[in-house]
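Q: I have a structure I would like to understand better, so I am pasting it below and will then ask my questions one at a time.
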Amino acid sequence: MKQLTLITLALIVFGCEKEQKQNVYKTIEINGLIWMAENLKETTLNDGTPILMEDGTPYDLNTYPYFDANLFGYLYNYTAVESGLLCPVGWRMPTIQDYESLVIGIEEMGSATKLQSIDFWLTPGTNEIGFNAYGTGWVLLGEYKKYLEATAFWSVSNYEEDRINIVALYDNDPFIFWANSKKTNYLSVRCIKSIN
């Protein structure tokens with residue numbers, strides 16, 4: 001019970017961080033880390049290098065039906081993630097341990113729906129934590145799937161040589177899923193930084 005009380009007290013009101021590429025991200029402080037409270041929406045790495053699709057064409061997921069990158073942020077493959085330059089300067093990709101810290105007590109406190117936004121799910125979440133996870137879906141084998149039904153976030157923790165640990169949320173499901181994904185899939189990204 002003490003742990004749950006500490007987590008509740010650690011939640012801070014949203015802030016905003018303006019980054020070098022002029023994207024503005026809502027943020028939330030949880031358990032000693034500042035998390036983006038929305039998905040990453042960068043089309044270049046933080047050194048200015050354009051992010052390319054698997055086929056070498058300029059990065060654009062707006063070609064998929066229903067997908068609005070301006071609203072949802074972009075989905076990224078692991079090539080962009082493992083470059084180490086995907087997050088804005090001063091930010092980093094979370095490890096699976098960072099996600100574990102984020103969700104400590106969530107299931108005990110109620111459900112994973114506290115991470116989910118009140119919009120863009122078949123069944124609205126409560127967003128009580130302020131994480132604002134949309135049901136963005138993902139791209140597997142070049143096919144866009146699970147719009148409004150699920151979302152998944154990359155970590156930088158290896159599961160196997162060609163697979164990475166991820167965190168997934170599903171519509172109307174109280175559980176947070178610890179899974180793994182092939183590096184060629186396209187998933188959502190949240191960046192973090194330590195409190196100074």
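The values are calculated or read from the model by the stated rules, or taken from the named source; none is laboratory data. Here the structure is a predicted model, which means the values were calculated and not measured. Because the Cβ atoms are built from the backbone with ideal geometry, glycine has one as well, and the counts that use them run over all protein chains shown.
Q: May I ask you to list the residues in region 152-178 that are assigned to a loop (DSSP other than H, G, I, E, B) and surrounded by fewer than 16 Cβ atoms within 10 Å (Cβ to Cβ)? Give the derivation first.
A: First, the residues of region 152-178 that are assigned to a loop (DSSP other than H, G, I, E, B): 161-162, 171-176.
Those that are assigned to a loop (DSSP other than H, G, I, E, B) and surrounded by fewer than 16 Cβ atoms within 10 Å (Cβ to Cβ): GLU161, ASP162, ASN172, PRO174, PHE175.
Q: Tell me which residues, restricted to region 179-196, are among the β-branched types (Val, Ile, Thr), closer than 18 Å to MET36 by Cα and assigned to a loop (DSSP other than H, G, I, E, B). Let's see the steps before the verdict.
A: First, pick out the residues of region 179-196 that are among the β-branched types (Val, Ile, Thr): 184, 189, 192, 195.
Applying the additional criterion that residues be closer than 18 Å to MET36 by Cα yields 189, 192, 195.
VAL189, ILE195, listed by residue number.
Q: Can I ask one more? Return the residues of region 118-151 that are without any contact (Cβ under 8 Å) to a residue 40 or more places away in the chain, surrounded by fewer than 23 Cβ atoms within 10 Å (Cβ to Cβ) and closer than 19 Å to ILE192 by Cβ; say none if nothing qualifies.
A: Correct list: ASN127 only.
Q: Tally up the residues in region 131-151 that are of a type in the set (A, V, I, L, M, F, W, C), under 15 Å from the mean Cα position of the chain (by Cα) and not in a loop (DSSP other than H, G, I, E, B), please.
A: The number of residues fulfilling the criteria is 4.
Q: Is it the case that region 84-97 has a residue that's at pLDDT 85 or above and more than 19 Å from ILE192 (Cβ to Cβ)?
A: No, that holds for no residue.
Q: Right, here's the next one. What residue, of ASN70, ASN62, is at pLDDT below 90, outside any loop (DSSP other than H, G, I, E, B) and more than 14 Å from the chain's Cα centre (by Cα)? Steps first, please.
A: Working: ASN62 fails: outside any loop (DSSP other than H, G, I, E, B).
From the options ASN70, ASN62, the qualifying one is ASN70.
Q: Step by step: first the residues of region 155-192, then only those that are of a type in the set (Asp, Glu) and touching a strand residue (DSSP E or B) at 6+ places or on another chain (Cβ under 8 Å), then the one that is modelled with the highest pLDDT. Which residue is that?
A: Keep residues of region 155-192 that are of a type in the set (Asp, Glu), which gives 160-162, 171, 173.
Okay, now just the ones that are also touching a strand residue (DSSP E or B) at 6+ places or on another chain (Cβ under 8 Å), so 160, 162, 171.
Numbers: GLU160: 89, ASP162: 90, ASP171: 95.
Among them, the one singled out is ASP171.
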